[in-house]
Each structure stands twice: as C-alpha cells, then as structure tokens.
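> Structure below; questions to follow.
The values are calculated or read from the model by the stated rules, or taken from the named source; none is laboratory data. Keep in mind the model is a prediction, meaning the values are calculated, not measured. No Cβ is skipped: glycine too gets one built from the backbone with ideal geometry, and neighbour counts run over all protein chains shown. Surface accessibility is based on the protein's heavy atoms, side chains included, excluding ligands, DNA and RNA. Shrake-Rupley method; radii C 1.70, N 1.55, O 1.52, S 1.80 Å.
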Amino acid sequence: MNKSFLLFFLFVFGFGSSQKGDEKNLIIQDSIIIKTKDDGTLSLTLILNKNKLPENTVLVNTIYPDPKNIDLVKNFVNNDYVAVILNSRGKYLSENTIEPFEHEANDINEVIDWIIKQPWSNGKVGMIGGSYLGFSQWAATKNLHPALKTIVPEAATGIGTINFPMINNIFSCYSLQWLDYVTFNKTTNSKSFYDQKKWNSVFKTWYQSGLPFRKLDSISGKPNYIFQRWLDHPNYDEYWKKMIPYHEDFSKITIPILSTTGYFDADKSGALYYFREHNKYKKENEHYLIIGPYDHSGAQGFIKNELRGYKIDPVASIDLNKIWLEWFDYIFKNQPKPSFLKDKINFQVMGTNEWRSTRSMDVFEKNKAKFYLNNEEGNLSLSNSKTGNNNFSTLKIDLKDRTDADELLSLKYNIVDDNLYTKNNLLFKTEPFKKSLEFSGSFSGDIVFSVNKKDADLYLSLYEETTNGQYFLLSSYVTRASYANDSERRTLLTAGKIKDISFINNDFVSKKIEKGSKLIVMIGVVKSPYWQLNYGTGKEVSTEDMSDAKEPMEIKLYNKSYIEFPLFEKSK
C-alpha cells in the first residue's frame with residue numbers, strides 16, 4: 001500500500017486513537033492491478049466496509065492519481081457503498097503509455113466486469129466525478145454495461161471539437177498545458193501546470209514568433225506526442241467519435257442520469273452537448289440537469305459565493321454533495337428522488353434569488369426576440385427592424401501585428417467588469433429595455449458576411465450593459481467559418497463572396513435583465529496568445545505561419561445579419 005495514501009486515509013476516517021462506529025471495519029487496497037483483454041494494465045483503489053457486504057459500488061475513473069481522490073468517494077463509503085477508484089490507462093501503477101481519452105470506453109467496461117465478480121459486489125455499479133471524470137462516464141455509455149445503473153457527470157468534458165481540445169474546431173493553447181500536466185509522469189506535473197506565469201511566457205513566445213501552431217510544444221521545451229496526434233484530427237472524425245456516444249448511440253442510453261454544470265463552467269458546452277444529444281435521440285429518458293452560476297470547480301461541488309466580480313444569489317449556494325448522495329440512494333436503495341429536482345432542467349435565474357425548472361430546452365427556443373446588426377452612417381446597433389439597404393460594418397485585423405501580446409495576456413475575463421476590450425471587434429447595442437426581462441436559454445443567429453480570405457475564426461460575446469455602466473458577461477461563442485455548418489467537414493470560403501452562417505450556440509444561461517439595461521453583441525476575430533491562429537489561407541491551420549498573414553483580414557458584416565435572444569417578460 002502507498003504509505004502517503006494510507007496516512008491520508010487514516011486522517012480522513014479518524015483511524016488511530018479514536019474510532020467511531022464502523023470506521024474500524026473499513027478496508028482499503030490501493031495497489032490492485034487488472035489486465036485488460038488487449039493486454040493493458042489498470043491500477044485500482046478499493047475502499048469498503050467489511051461488515052456491510054455485498055453492497056452497491058461507486059466507481060470513479062480519473063487521470064489524476066492523488067491520495068486526495070478519497071475525497072471523491074468518502075461520502076459514499078460512509079453511507080454503505082463500496083468505492084473503486086480507477087486510474088486511467090498509463091497512470092499510477094499501469095505500465096502502458098498515457099493516451100488521454102482514448103481507452104475509457106473499453107477499460108471502464110472491463111473494470112465493471114471485474115467489480116461484479118467480487119464477493120463484496122451486489123452486481124450494481126454507479127459512476128460519479130467531474131471534468132475528465134465526467135467525460136469518462138459518457139465514454140462508459142458508448143457500450144453500456146448492464147451492471148452500470150446510473151452516472152452522475154459533473155462539468156463533463158466534451159472531447160474533440162465540442163469544447164476540448166477544440167471549441168468548434170479551434171484549438172486552445174491550454175490543451176498543451178493540460179497535456180503536460182497529465183502525460184509528464186505517472187501522477188501529475190502539478191508544479192508546472194499551476195505556473196501560469198511560465199505558460200503565459202510560452203504562449204507569448206509562440207504568438208510573437210509567428211511560428212506554426214504545431215511548434216507550440218517545441219517552444220515549451222517538451223515536445224508532446226499526444227498534442228501532435230490531436231493536431232492531426234482538426235475535424236470531428238472517427239478518432240474523436242470512438243471516445244464517446246455519437247448520434248444514435250445516445251438512443252441506447254437507458255439508465256437514469258444526473259448532470260451538473262455552471263453558466264461559467266469551462267466545460268459547460270460539453271455537459272450541455274451530452275444533455276441535448278441524449279434528449280434528441282432518446283426522448284423518453286430520466287436525465288436531469290442542474291445548472292447555476294458556477295465555474296468549473298463550482299459545478300463539481302466547490303461553489304464560490306463570489307465569482308470573477310459577480311456575487312451569486314444566496315439561493316445558488318446549494319449542497320451538491322448531498323444531492324448526489326440522495327440521487328444514489330434513490331437509484332440503489334429505493335429512497336425518494338432528491339427533492340431539489342423539480343423537473344428535468346433545474347436552473348437558477350441570476351438576479352432573482354430563485355430556482356426555476358422545466359421539462360425541455362424547447363421552451364427556451366420559443367418566442368425568441370430577433371435583433372438585426374445594423375450600421376446606419378457608422379452607428380452600430382441591434383435593431384428590432386430590418387433595414388432595406390445593403391449596408392455593412394467593416395472590421396480589419398492585421399494578423400502580423402503582435403504588439404498586443406502583453407495586453408491580451410493581462411485581460412481578467414471577469415464576469416462583471418467596468419470596461420470591455422474593444423480591439424479587433426465591433427460592438428452592436430440595443431436600446432435600453434423599458435421593463436425588466438428574463439434571459440433564459442441560448443442566443444442564436446444568422447451572420448451574413450464576406451472576407452478577403454478563404455477562412456476566418458470568429459467570436460461573439462454577449463453582455464448586459466447595466467444602468468450603472470457595468471458589463472455582465474452572459475455568453476460567448478466561437479467558430480471557424482469553414483466548419484460552421486459541419487464540424488466533420490471543412491468547406492473553405494471564396495474570398496470576397498458573401499457567406500451566410502446560421503449558428504445555434506450550444507449554451508444556456510439565465511439572468512434577470514434589469515429595466516434600463518442594454519444588450520451588447522461583440523463580434524470579432526480570434527487573435528490571441530491563448531488560441532490557435534487562423535491566417536485564412538485555406539491550408540491546415542496548424543501549419544500556417546506569419547508569412548501567410550500578408551494583407552490584413554477584412555470582414556464585412558451585412559445589415560441583414562441577426563441575433564435571436566430568449567427574452568421573456570415573465571418566467572414560462
């Protein structure tokens with residue numbers, strides 16, 4: 001047994017001079033090795049109460065081996081569940097190469113096979129965990145094991161083009177930072193990962209050098225085989241599809257599910273993708289969603305009362321760990337369903353101190369308000385009415401100019417701020433609203449534009465401008481124009497030709513829009529040390545460099561473009 005793990009276990013459960021109840025009967029084994037059918041090795045940790053057998057099993061799959069992982073399951077172990085922690089293939093005591101995301105779909109099923117053959121198992125398994133751990137639960141449903149009775153994915157990563165390592169086919173520099181964290185050794189490279197000053201220096205060096213994105217790992221000083229492998233798959237192809245359910249696969253997922261995410265969760269689009277796809281292909285299901293004003297850690301139970309300048313409503317501070325235990329007791333012990341779950345979708349309306357619930361996302365798509373991106377003699381606005389002219393707004397970006405590196409790296413990305421960063425973008429505003437409204441759902445729209453290149457990476461950010469001059473970030477959307485209509489196939493633009501992109505933002509946010517506030521849509525080009533740079537040549541973007549920039553990128557946004565907002569006069 002790993003000594004540090006044992007010491008931590010004894011501390012958590014009170015072993016030593018004093019013991020309470022059945023804690024003295026707890027058994028832990030952290031060096032279990034099992035072989036897979038393809039000769040892989042997996043290492044497991046087992047925690048159980050020898051006097052409460054056989055029992056239901058809570059399974060956690062993690063790529064982050066750490067003694068503190070016991071925290072993920074101790075609430076269940078203390079309530080008469082057996083817990084198994086599976087370290088991803090290649091991690092901890094596994095002898096294999098570390099290949100994140102690639103083996104969970106099969107490995108988890110093999111571990112469940114092993115679990116149900118053990119004398120302490122009653123043949124029923126549930127899974128829980130957040131981020132990568134949330135992804136792994138969806139991977140497990142790719143070929144659903146009959147012994148897997150429920151999953152509770154928190155802030156689940158949407159692998160591929162969904163939200164990691166790409167968002168709508170645009171790679172993030174953070175993906176390399178994360179890979180260095182999990183592929184450097186058998187545990188985690190924490191010292192390097194949390195050294196943001198170091199990583200910002202790497203990103204800045206790459207950004208200012210004008211070298212191809214493929215050189216980012218070399219610039220960091222540690223070439224990374226997985227990073228290069230990912231760059232070989234810039235569209236949503238079979239490499240990504242094999243990792244999680246795809247289209248009709250969702251129709252076969254018949255188990256109850258409880259999903260959690262937050263309005264400011266970096267993996268929100270992943271969690272919502274799984275929720276929407278499951279409801280699309282399996283209309284009759286028992287899949288619940290909890291979503292509120294949480295970031296990535298908040299959606300995993302570590303809720304903050306103040307988040308990047310925003311103080312959450314008191315009612316948003318809920319005990320997710322209590323709800324998750326109640327959910328497992330509901331599934332495995334015939335206890336009542338958690339009382340918090342009033343309907344399928346449970347969401348907190350920011351600014352009202354209230355939770356609401358509804359059965360379907362469809363309700364938020366009804367009666368959307370349409371606003372056109374108008375330019376009248378240089379006055380940019382979001383207008384309820386469409387003009388009869390062919391005016392357009394022009395945005396020019398010099399992709400060779402890298403003098404903005406430091407200011408981009410210093411941006412705070414607050415939820416509530418006194419200023420907006422207005423370089424390389426255009427702002428369109430509504431008139432002040434004459435009454436308070438509820439914004440619940442996602443914005444969508446139709447962008448009619450032309451560009452003097454074969455491609456462009458665009459972003460749209462939505463803000464509420466309050467009467468006191470502050471800006472509240474509601475939602476954001478990025479897209480690579482050549483993939484906007486299909487993440488699986490790239491269709492290049494024709495330089496100078498008008499292009500129509502209809503987009504549905506896979507997002508959800510709920511907030512009261514105060515009387516007198518305005519909505520602002522910021523539209524710009526992705527140009528940042530944090531993101532892959534698309535020079536618009538039509539070549540594979542990861543191979544483009546500064547020499548491909550040439551003349552500035554010029555985008556014309558036509559007045560017939562529009563954005564639709566889910567605005568309601570009262571809750572529906």
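> How big is the convex hull of the Cα atoms of the stretch 413-572, per residue, in Å³?
Values: hull volume 19.5 nm³, N = 160.
Residue-normalised Cα hull volume stands at 122 Å³.
> Something else about it: Can you list the residues, at least 5 places off or on another chain, whose amide H is less than 5 Å from the amide H of Trp531, using H built in the peptide plane?
Counting only residues 5 or more places away or on other chains, the set is Cys173.
> Okay, next question. Where nothing but the Cβ of Lys and Arg (+1) and of Asp and Glu (-1) is charged, how large is the charge dipole of the stretch 37-124 around its Cα centre, in debye to the nearest 20?
On the way: 9 positive and 13 negative charges, 101 e Å.
Approximately 480 debye in magnitude.
> Just need the Rg to Rh number for the stretch 212-271, please, alpha carbons only, Kirkwood Rh. Don't skip to the answer; put the middle values down first.
Working: Rg = 16.5 Å, Rh = 14.9 Å.
Here Rg/Rh amounts to 1.11.
> Using a cut-off of 18 Å between alpha-carbon atoms, which aspartates and glutamates can reach Lys191, once sequence neighbours fewer than 8 places away in the same chain are excluded?
Hits, sequence-local ones excluded: Asp66, Asp180, Asp217.
> What do the square roots of 5 times the Cα gyration tensor eigenvalues come to for the stretch 34-150, in whole Å, largest first, as semi-axes of the equivalent ellipsoid? Don't skip to the end; give the middle numbers.
Working: eigenvalues 88, 47, 37 Å².
For the stretch 34-150, the semi-axes come out at 21, 15, 14 Å.
> In addition: How much mean residue ellipticity at 222 nm does the chain get from its helices, if each DSSP H run of length 4 or more adds -39500 (n - 2.57) and you divide by all residues, to the nearest 500 deg cm²/dmol?
On the way: 13 runs with 112 residues, N = 572.
After summing the helix terms and dividing by residue count, I get -5500 deg cm²/dmol.
> In Å, what Rg and Dmax follow from the Cα atoms of the stretch 324-374?
When restricted to Cα atoms, the stretch 324-374 yields Rg and Dmax of 16.6, 58 Å.
> Averaging sequence separations of C-alpha pairs under 8 Å and six or more residues apart, then dividing by the length of the chain, give the relative contact order as a whole percent. Numbers along the way, then the final one.
Working: 1252 pairs, mean separation 76.7, N = 572.
Relative contact order for the chain comes out at 13 percent.
> Using a probe of 1.4 angstrom, how much of the accessible area of the chain is carbon and sulfur, in percent?
Numbers: 11280 of 23260 Å².
Its accessible area is 49 percent carbon and sulfur atoms.
> Could I ask something else about it? Using a probe radius of 1.4 Å on heavy atoms only, what accessible surface per residue do you get for the chain? Whole Å² is fine.
Numbers: 23260 Å² over 572 residues.
Spelled out: the 1.4 Å probe surface of the chain, per residue, equals 41 Å².
> Using the structure shown, list the pairs from Lys283/Lys412; Lys241/Lys560; Lys333/Lys511; Lys280/Lys370 with a Cα-Cα distance above 29 Å, or answer none. Kindly include the intermediate steps, with their values, before the conclusion.
Details: Lys283/Lys412 40 Å; Lys241/Lys560 36 Å; Lys333/Lys511 37 Å; Lys280/Lys370 25 Å.
Violating the 29 Å limit, Cα to Cα: Lys283/Lys412; Lys241/Lys560; Lys333/Lys511.
> Still on this structure, I have one more. Count the DSSP beta bridges whose two residues both fall in the chain, then state the antiparallel fraction as a percent rounded to the nearest 5. If you can, show how the numbers build up before the last one.
Working: 81 of 113 bridges.
Counting only bridges with both partners in the chain, antiparallel ones make up about 70 percent.
> Right, here's the next one. Taking amide H positions as placed 1.01 Å from N in the peptide plane, with prolines and chain starts having none, which residues 5 or more places from Ile159, or on another chain, fall under 5 Å of its amide H?
For Ile159, whose amide H was placed from the backbone, there are no distant partners under 5 Å.
> Something else now. Would you kindly derive the ³J(HN,Hα) couplings of the stretch 180-197 from the backbone phi angles with the Karplus curve 6.51 cos²θ - 1.76 cosθ + 1.60 (θ = phi - 60°), listing them in order in whole Hz, with x for Gly and Pro?
Coupling constants for the stretch 180-197: 4, 5, 9, 9, 6, 8, 6, 10, 9, 9, 5, 4, 5, 4, 8, 8, 5, 4 Hz.
> How big is D for the stretch 421-485, in µm² s⁻¹ as a whole number, if Stokes-Einstein is applied with the Kirkwood radius of its Cα pairs at 4 °C and 1.567 mPa s? Walk me through the intermediate numbers first.
Numbers: Rh = 14.4 Å.
The calculation lands on 90 µm²/s.
> Search the structure for amide H atoms under 5 Å from the amide H of Ile128, placed 1.01 Å from N in the peptide plane, and list their residues when 5 or more places away or on another chain.
Leu59, Asn61, Val152
> Okay, moving on. How big is the stretch 282-348 by Rg and Dmax over its Cα atoms, in Å?
13.4, 42
> Please list 3J(HN,Hα) in residue order for the stretch 543-551, calculated via the Karplus relation 6.51 cos²θ - 1.76 cosθ + 1.60 where θ = phi - 60°; whole Hz, with x for glycine and proline.
For the stretch 543-551, the Karplus-derived couplings read 9, 6, 9, 4, 5, 7, 5, 6, 5 Hz, x marking Gly and Pro.
> Could you tell me the distance between the Cα centroids of the stretch 354-378 and the stretch 182-242, to the nearest Å?
Computed from Cα coordinates, the inter-centre distance equals 37 Å.
> Determine, for each peptide in 349-357, 533-541, the mean count of other beta carbons within 10 angstrom over its residues, then list the peptides with the highest first. Working shown, then result.
Working: 349-357: 17.4, 533-541: 21.9.
The most tightly packed comes first, giving 533-541, 349-357.
> Follow-up. Could you give me the ³J(HN,Hα) list for the stretch 121-136, computed from phi with Karplus coefficients 6.51, -1.76, 1.60 and θ = phi - 60°, whole Hz, x at Gly and Pro?
9, 9, x, 10, 10, x, 10, 8, x, x, 6, 4, 5, x, 3, 4
> Looking at the calculated P(r) for the chain, what percent of the C-alpha pair distances fall above 43 Å? Present the calculation step by step, with values, prior to reporting the outcome.
Details: 34935 of 163306 pairs.
Percentage above 43 Å: 21.
> Putting +1 on Lys and Arg Cβ atoms and -1 on Asp and Glu Cβ atoms, find which of Leu493, Phe332, Leu42 reaches farthest to the positive end of the dipole of the chain.
Of the candidates, Phe332 comes out farthest on the positive side.
> While we're here: Can you find, among Phe347, Ser297, Gly309, the residue sitting farthest towards the positive end of the charge dipole of the stretch 253-412, where Lys and Arg contribute +1 and Asp and Glu -1 at Cβ?
The one lying farthest along the dipole's positive direction is Phe347.
> Which of the aspartates and glutamates could a cross-linker span from Lys556 if the Cα-Cα distance has to be under 16 Å and same-chain partners fewer than 8 positions apart are dropped?
Glu376, Glu377, Asp398, Asp446, Asp455, Asp457, Asp500
> Express in nm, to one decimal, how much length is gained between Glu407 and Tyr421 on full extension, taking 0.36 nm for each residue of separation and deducting their alpha carbon distance.
Numbers: separation 14, 0.36 × 14 = 5.04 nm, distance 0.97 nm.
The span from Glu407 to Tyr421 would gain 4.1 nm if fully extended.
> Could you work out the relative contact order of the stretch 460-572, using alpha carbon pairs under 8 angstrom and six or more residues apart, expressed as a whole percent? Please report the intermediate quantities before stating the final value.
On the way: 92 pairs, mean separation 26.9, N = 113.
Relative contact order here is 24 percent.
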